[in-house]
Amino acid sequence: MAGKAATIAAFAAVWLAAAALLWRTDVPADLDLPELDPRDYFATEHLRRSGRYERFLRADLILASFVQIAVAVAIAWRAPGLATRLRGGPLLRAVQLALLTLVVLWLARLPFGFAGLWWRRRYDVAREGYVDYLVRPWSTLLAETALVCLAVVGLLLLARRLGQRWWIAGAVLLGALGTAYVVVQPLVLTPRFAPLENRALAADVQALGERMGVDGVDVRLRKARERTRAANAEVVGLGPTRRIVLWDTLVDGFRRDEIRAIAAHELGHVTSRHVWKGLGWLLLAVVPLVVVLDWAARRRGGAARPEAVPAVLAAAVVLQFVATPAVGAITRRYEAEADWAALEATRDPQAMQALLSRLAVTNLADPDPPGWWQTIYRTHPPLVDRIAMAQAWEARRR
């Protein structure tokens with residue numbers, strides 16, 4: 001008993017030390033952000049309209065989350081009866097139950113997705129048609145479905161072979177699958193992008209990348225105008241497949257210094273190794289995740305039984321919801337670090353403030369959402385806080 005307690009304590013100590021290292025960023029710990037009033041930076045009409053626009057989307061997302069949890073729990077509850085109606089061996093029935101659960105969850109989510117698209121179209125943020133919205137993500141959905149089925153088969157085989165200790169090897173399996181997804185996803189599921197015809201702008205971003213220590217940046221263009229009026233940039237891929245992608249809505253509607261600011265932000269994610277840090281958090285979460293999944297499987301006779309699969313997937317859905325605030329806290333820190341890296345590289349806080357102000361208007365974003373929403377769901381700091389960081393950076397350089 002004492003040996004088991006010592007092992008758990010040692011694991012907890014290592015876990016906490018690793019989490020502390022991943023939590024650290026290059027943003028100065030003593031950075032004091034000024035308190036800004038959104039009304040000093042955004043028109044009253046924008047604050048009113050963006051607030052109304054995002055209130056509907058917030059309600060839509062919350063309702064979708066609770067409906068998915070309810071549906072997942074209902075399927076898990078009825079799983080024993082469903083399993084008896086299926087044909088085939090344990091593996092085949094486990095895969096069928098996994099597919100049934102995933103399809104029903106997708107169908108439960110679909111009306112809320114359509115509602116969100118309708119609302120974004122109403123405010124002319126989205127221009128995508130309903131059929132395109134339905135068809136576009138199929139490659140990603142199929143890949144993720146295949147990954148879940150592979151995980152289900154692997155975990156069931158481990159449980160049948162190892163018994164109650166399956167979760168130890170299961171943690172290794174899920175960690176390996178998660179790592180493979182992070183590495184392979186940019187190669188397989190990333191859409192094709194057009195070359196950036198503005199060679200001067202591409203050279204500017206490449207020079208910025210070299211200054212930040214990211215050599216050989218491939219700058220590409222995402223044709224987003226047919227789907228949305230929103231503007232954005234992103235970094236995709238790893239190593240030799242890494243690309244900085246500028247949306248055409250950004251290239252055609254923003255000033256050069258603003259584009260440099262957002263490109264520097266994306267390059268900041270690279271220099272801060274946020275993809276690899278995210279993978280580190282995933283690996284840290286694997287053991288607690290598998291322990292909870294094992295608990296859920298035991299409610300249906302253990303992970304070796306096909307009828308336990310919906311219970312495991314329901315537990316995963318609930319865990320995803322419960323972990324949302326923690327994931328948001330981590331990503332907000334990393335987004336703030338990317339902003340800081342951009343300011344250090346461009347040394348142009350005015351361009352960063354102009355970029356953030358224009359993004360708020362173009363994307364119809366609420367610059368100062370409610371605190372509860374920020375804590376639970378948001379992956380980025382509020383725009384007013386990001387503007388405040390630019391001002392704080394400038395104040396430290398005076």
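Seen from every direction in turn and averaged, the convex hull around the alpha carbons of the stretch 194-257 projects onto 4.4 nm².
In this calculation the C-beta distance from GLN350 to ARG211 is compared with R0 = 30 Å, giving a FRET efficiency of 0.95. What the Cβ-Cβ distance of TRP23 and PHE114 gives, at R0 = 30 Å and to the nearest 0.05, is a FRET efficiency of 0.20.
With the simple spin-label model, which puts each label point 7 Å out from Cα in the Cβ direction, the ARG87 to LEU33 separation comes to 6.0 nm. Think of the chain as having a plus end and a minus end, set by charges on the Cβ of Lys, Arg, Asp and Glu; of GLY89, ALA59, GLY253, GLY89 sits farthest toward the positive end of this dipole.
Taking the inverse of the average 1/r across all pairs of different Cα atoms in the stretch 268-315, what Kirkwood radius in Å do you get?
Numbers: mean 1/r = 0.0819 Å⁻¹.
Taking every pair of different Cα atoms in the stretch 268-315, averaging 1/r and inverting gives 12.2 Å.
Against the chain, whose longest principal axis comes from its Cα atoms, helix 256-271 is set at around 40 degrees. Sorted ascending by nearby beta carbons within 10 Å, beginning with the fewest, ILE62, ILE75, ILE8, ILE262 become ILE8, ILE62, ILE75, ILE262.
Helix 138-162 sits at what angle to the longest principal axis of the chain, using alpha carbons and giving 0 to 90 degrees rounded to 10? With rounding to tens, the tilt is 40 degrees. Computed from backbone phi, the HN-Hα couplings of the stretch 302-318 come to x, 5, 7, 9, x, 5, 7, 4, x, 5, 5, 5, 5, 4, 5, 5, 5 Hz, rounded to whole numbers (Karplus: 6.51 cos²θ - 1.76 cosθ + 1.60, θ = phi - 60°; Gly and Pro given as x).
Packing order of peptides 295-301, 341-347, highest average first: 341-347, 295-301 (average count of other Cβ atoms within 10 Å over each peptide's residues). Restricting the stretch 60-89 to trypsin sites (Lys or Arg not before Pro) that sit in a DSSP loop and have at most 15 other Cβ atoms within 10 Å of their own Cβ leaves ARG87. In the stretch 194-257, the DSSP beta bridges split such that about 55 percent are antiparallel, to the nearest 5. Calculate the length of the line joining the C-alpha centroid of the stretch 210-270 to that of the stretch 128-199, in whole Å. If we compute the Cα centre of each part, the gap is 25 Å.
Calculated from DSSP H runs of 4 or more alone, at -39500 (n - 2.57) each and per residue, what is the 222 nm mean residue ellipticity of the chain, nearest 500? List each step's numbers first, then the result.
Values: 14 runs with 284 residues, N = 398.
Per the formula, -24500 deg cm²/dmol.
For the chain, the Stokes-Einstein estimate of translational diffusion at 20 °C and a viscosity of 1.002 mPa s comes to 92 µm²/s, using the Kirkwood hydrodynamic radius over alpha-carbon pairs. Dipole size of the chain about its Cα centre, with +1 on Lys/Arg Cβ and -1 on Asp/Glu Cβ: approximately 1660 debye, rounded to the nearest 20. Based on alpha-carbon centroids, what's the gap between the stretch 287-302 and the stretch 5-79 in Å, whole number please? A separation of 25 Å, based on Cα centres.
Provide VAL95, VAL292 in ascending order of the number of other Cβ atoms located within 10 Å of each residue's Cβ, fewest first. Each step should come with its number before you reach the end.
Working: VAL95 20, VAL292 17.
Lowest to highest Cβ neighbour count: VAL292, VAL95.
At 0.36 nm per residue, and after removing the present C-alpha to C-alpha distance, how many nm does the segment from ARG52 to ARG396 gain when stretched out fully? Full extension of this stretch gives 120.2 nm more.
On average over all directions, what projected area in square nanometres does the stretch 50-127 have, based on the convex hull of its Cα atoms?
6.1
Packing, as the average of other Cβ atoms within 10 Å across residues, places the peptides 280-289, 102-111, 378-387 in the order 378-387, 280-289, 102-111, highest first.
Expressed in nm to one decimal, what extension gain is obtained for the pair LEU63 and ARG121 from 0.36 nm per residue of sequence separation less their Cα-Cα distance?
Values: separation 58, 0.36 × 58 = 20.88 nm, distance 1.98 nm.
Gain on stretching LEU63 to ARG121: 18.9 nm.
Computed from the C-beta positions of LEU162 and THR379 and an R0 of 51 Å, the FRET efficiency is 0.90 to the nearest 0.05. Both radii come from the Cα set of the stretch 1-118: Rg as radius of gyration, Rh as Kirkwood radius; their ratio Rg/Rh reads 1.20. Basic side chains Lys and Arg get +1 at the Cβ, acidic Asp and Glu get -1 at the Cβ, and with that the dipole of the stretch 194-257 about its Cα centre reaches some 220 debye.
Axis of helix 349-362 versus longest Cα principal axis of the chain: the two differ by about 60°, to the nearest ten degrees.
Read the figures in this text as sums done on the coordinates, not as results from a lab. All values derive from a computational prediction rather than experimental measurement. Don't worry about glycine lacking a Cβ; one is built from the backbone with ideal geometry, like all the others, and counts go over all protein chains shown.
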